[in-house]
1. Using a 1.4 Å probe on the protein chains only, how many percent of the accessible area of region B:6-132 belongs to carbon and sulfur?
2. Specify which residue in the list A:Gly151, A:Cys124, A:Leu162 is farthest towards the positive end of the charge dipole of region A:124-238, using unit charges on the beta carbon of Lys, Arg (+1) and Asp, Glu (-1), about the Cα centre.
3. Test of understanding: what is the full-extension gain from A:Asp306 to A:Leu348, defined as 0.36 nm times their sequence separation minus their Cα-Cα distance?
4. Any chance you could give the angle, 0 to 90 degrees and rounded to 10, that helix A:130-141 forms with the longest Cα principal axis of chain A?
5. In degrees between 0 and 90, to the nearest 10, how far off the longest principal axis of chain A does helix A:493-503 point, with axes built from Cα atoms?
6. Could you give the angle, 0 to 90 degrees to the nearest 10, between helix A:613-622's Cα long axis and the longest principal axis of the Cα atoms of chain A?
7. Ordering A:Tyr491, A:Tyr17 from largest to smallest accessible area (1.4 angstrom probe), what's the sequence?
8. Going by accessible area, probe 1.4 Å, with all protein chains left in place, what is the ranking of A:Lys102, A:Lys580, largest first?
Amino acid sequence: MKAKKIVVVGNGMVGHYYVEQLAKQNAGHDITVIGAEPRPAYDRVHLSEVFSGKNPEDLALTTREHYKDIGVHAHFGDAVARIDRKAKEVITDLGRRFAYDKLVLATGSYPFVPPVPGSDQAGCLTYRTIDDLGAIRAHARDGKVGVVIGGGLLGLECANALKSLGLETHVVEFAPGLMGVQLDNGGSVMLRQMIEELDVQVHTSKATQKIVPGNERRLRMEFADGSALETDMIVFSAGIRPYDQLAKAADITVGERGGIVIDYHCRTSDSDIFAIGECALFGGRIYGLVAPGYRMADAALSQLTDTPVPFQGADMSTKLKLLGIDVGSIGDSHGKSLHNGQPPAAFLYSNDRERVYKKIVVSADGKKLLGAVLVGDCSDYDTLLQFFLNDMELPANPEGIILPADNGATPLLAGMSLPATATICSCLNVTKGAIVAAIDGGCCSVADVKATTKASTGCGGCAALLKSTVNEELAARGAEINNYVCEHFAYSRQEMFHLIKVGSLKSFDEVLHKHGNGRGCDVCKPAVASILASLFNDYVLKKEHASLQDTNDTFLANMQKDGTYSIVPRIAGGEITAEKLIVIGEVAKKYKLYTKITGGQRIDLFGARINQLPEIWSELVAAGFETGHAYGKALRTVKSCVGSTWCRYGVQDSVSMAILIENRYKGVRSPHKLKSAVSGCTRECAEAQSKDFGVIATENGWNLYVCGNGGMKPRHADLFATDLDDATLIQYIDRFLMFYIRTADRLQRTSVWMNNLEGGLDYLREVIIEDKLGIAAELEAQMALLLDTYQCEWKTTIEDPEKLQRFRQFVNSTEEDAHVVFVQERGQPRPAKDNERAALA
Amino acid sequence: MGTALHKQFNHEPIAVFSKANLLENSGVCALINGVQVAVFYLPTETPPLYAIDNYDPIGGANVLSRGIVGDINGELVVASPLYKQHFSLHSGRCLEDDSVQVSVYQARLEGDAVIVMLQKAQSQKQNIVQDIA
């Protein structure tokens with residue numbers, strides 16, 4: 001097909017999906033996307049998470065740079081004002097014109113604000129965009145009470161947002177029940193009880209008649225039944241309306257109650273113009289979920305290829321967590337439709353004590369699942385959805401699926417029994433067949449399959465099903481799924497940690513003898529050495545540990561490519577006196593070392609021969625330096641900005657905190673290196689959010705971020721806890737580090753550890769903050785032991801002549817390694833390259 | 001300190017130094033006629049001494065004596081501290097790359113003395129085959 005000029009209006013989730021998929025076709029199309037919001041597409045589904053710790057940037061689905069990379073012209077913050085169908089171009093508010101061959105409208109929707117008198121005054125807000133969140137936050141700052149109008153899916157999401165802002169939260173719903181579209185009456189009642197237990201007040205069957213200035217609070221809502229409610233802000237979340245004005249003004253057909261009418265190919269009444277997502281009306285219906293929007297985008301995209309696929313409506317089943325409560329709805333949840341002319345039958349399980357409500361609607365013959373409602377427990381959702389979507393025959397007693405397991409229920413549907421056509425990930429439309437193909441193509445882990453198929457990268461609801469499907473497929477191929485340390489130990493690092501701790505094993509030989517086989521190797525020896533250090537903190541060069549260490553740990557320096565070492569003295573928090581700077585300079589000059597400032601605010605001295613190390617360190621230790629553990633899987637640096645001491649913007653003393661943290665955790669051995677930083681204000685000059693644990697000052701204390709990473713696979717750290725005082729901050733870091741040290745795999749950075757941690761950030765908070773596992777005291781005690789037994793390994797080493805024996809190039813000669821040759825570059829030494837070496841010889 | 005001692009013995013240079021210089025389950029380096037030899041002492045193995053080139057032909061530096069010793073599928077190896085390839089202590093063969101080989105030397109304990117000979121311990125079949133070819 002010929003390359004075309006394609007203009008996409010709207011950069012919401014669906015508009016972005018369309019652009020990204022189109023760019024992937026590589027068909028040479030000239031792609032332009034125009035977004036009215038000032039920022040590129042972001043994840044609207046998880047908007048309320050911004051109030052529980054996520055940064056707005058964490059929601060981003062793309063960046064300007066990424067669009068540039070894939071060759072898309074993107075324009076943000078300038079809305080399209082009109083479509084000139086004759087000239088085939090769109091004109092923006094700023095008067096820019098973009099010509100098109102094909103136009104795609106992905107304009108989305110806006111929150112419906114009922115025409116209640118007074119609904120246009122200050123304090124009346126909507127909940128749809130990141131900018132809306134800013135307005136909500138600003139009003140929450142000097143308010144106590146917040147009301148959400150609308151008890152549907154979005155309304156309850158929004159109630160969650162208000163609650164996380166610390167407001168007394170009310171939900172006002174016109175209908176008699178909550179989530180009337182998705183839930184039946186019983187489910188709705190259960191949900192209401194659970195929400196009220198969370199101190200969110202629910203008012204149903206309330207019609208707001210007018211909003212007037214309040215007596216006690218800013219606003220007063222007066223209801224049709226004569227009652228009233230005072231509040232500081234009102235957020236309207238009573239449904240959405242499609243943005244169809246552009247189409248309407250261009251004489252494109254729209255529905256009577258709004259929505260751009262589209263056909264099976266997502267074409268509007270103008271065949272060169274498509275509409276997709278929440279602005280589109282298909283079969284008289286607006287699809288207000290993201291997955292159907294993606295399917296529309298697929299259908300519209302296929303029109304540009306030789307194999308068009310139609311959009312035939314989409315499943316509106318949904319599973320989500322509302323205010324922390326699991327809610328699921330599948331198909332005909334109300335049980336109202338006929339199947340083969342017969343009214344359906346329903347099975348119900350309701351448990352008031354455990355707060356669980358489950359209902360399934362099945363065909364009269366009991367063979368097909370027609371719908372389901374789940375409140376308080378969604379563990380059966382995946383199973384039920386597969387039965388529903390694949391039209392699979394139910395077991396003889398279908399009620400068994402929703403009954404508690406010890407009541408003789410049928411086991412959970414496993415991935416194996418699903419047909420290849422079964423959709424595993426409905427957001428990205430990944431079938432079981434695609435997953436099997438990815439495994440056939442060489443994927444051998446859930447992470448591989450995710451990367452290849454994109455499954456479970458949308459809402460993440462299918463994560464458990466994806467995992468079981470992948471593992472079953474791998475097992476069926478005879479693949480051994482293990483995370484054993486190496487051939488000498490049939491245990492994961494976490495299991496080894498446990499075995500060594502429980503058995504109180506103090507040496508590698510003991511560990512190998514009891515739990516391993518063979519002689520050990522360069523994988524398990526350092527791993528065991530690290531665990532022993534994390535548990536007992538012996539001197540790493542103690543006789544029985546010395547042969548276990550990597551060369552860097554053995555020589556307490558970092559081996560470079562020519563076999564020489566680099567030296568990094570600790571410069572806690574990046575703070576150093578003039579005297580100490582001079583010492584480093586003098587040492588570098590005396591031993592002819594190459595010096596470079598590191599990214600962690602320290603100074604690295606390169607080119608030391610093995611036999612020079614003790615002498616160099618004697619001088620450094622005498623001047624008051626300590627080892628920087630740059631060679632160890634241990635805490636490296638705690639970077640800092642100058643903070644409130646000097647900076648006009650600083651709100652806390654970040655340098656003092658960085659020094660405190662660095663001195664506290666220096667020397668602690670961990671599964672991989674650890675980096676940290678402390679910033680004195682939200683400008684974040686110390687880049688704390690790219691660290692394993694980062695601290696950012698607030699006016700009230702410290703925000704703690706965890707599991708960030710720079711490097712090969714950057715990961716933004718997650719906001720873990722806010723406004724902590726010094727003692728609580730340190731307590732959480734103690735627990736966090738020790739929990740990581742205990743449970744991570746060998747050489748697994750905190751970022752990867754977090755990505756693999758079942759339950760993720762929420763679970764980590766439960767363990768560290770709420771002490772769900774009851775191990776917090778133990779973690780703190782273990783950390784206290786490590787802190788008590790700290791020693792500067794270089795100080796210990798230079799005081800021990802026997803240990804210094806090791807630092808020789810040759811046991812039988814005082815000659816130096818003739819292969820180590822330096823040349824000068826920019827006034828400093830560096831290793832000679834092969835051609836230079838030949839020239840010198 | 002070991003006694004630096006270069007001798008012509010059987011027309012082959014040797015190094016002799018005290019056993020106290022050895023490190024259990026680890027390596028040290030001896031210099032014999034300009035050749036760097038990594039000597040590993042594994043007290044529970046028979047024999048307990050192994051000597052190979054100190055030069056890592058993949059990393060291009062004299063570092064093998066500073067690697068971690070262990071076994072891979074029962075074969076005694078040292079792992080290069082640079083890029084972690086394994087070299088057999090018996091044959092000098094690189095387990096990850098068949099085309100790479102380091103030399104193996106004779107080493108033995110005599111009482112309190114360690115004797116390392118520059119004479120190659122085994123005929124280096126691969127090299128010979130290559131030379132002929």
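The values are calculated or read from the model by the stated rules, or taken from the named source; none is laboratory data. Note that the structure is predicted; figures quoted are calculated from it, not measured. Neighbour counts run over all protein chains shown; Cβ positions are idealised from the backbone, glycine included. These area figures cover heavy atoms from the full protein model, side chains too; ligands, DNA and RNA do not enter into them. Shrake-Rupley method; radii C 1.70, N 1.55, O 1.52, S 1.80 Å.
1. 48 percent
2. Checked the options; the winner is A:Cys124.
3. Values: separation 42, 0.36 × 42 = 15.12 nm, distance 4.78 nm.
That works out to 10.3 nm of additional length.
4. 80 degrees
5. 60 degrees
6. For A:613-622 against chain A, the angle is about 80 degrees.
7. Heavy-atom accessible area, descending, gives A:Tyr491, A:Tyr17.
8. Values: A:Lys102 40, A:Lys580 65 Å².
Putting A:Lys102, A:Lys580 in descending order of accessible area: A:Lys580, A:Lys102.
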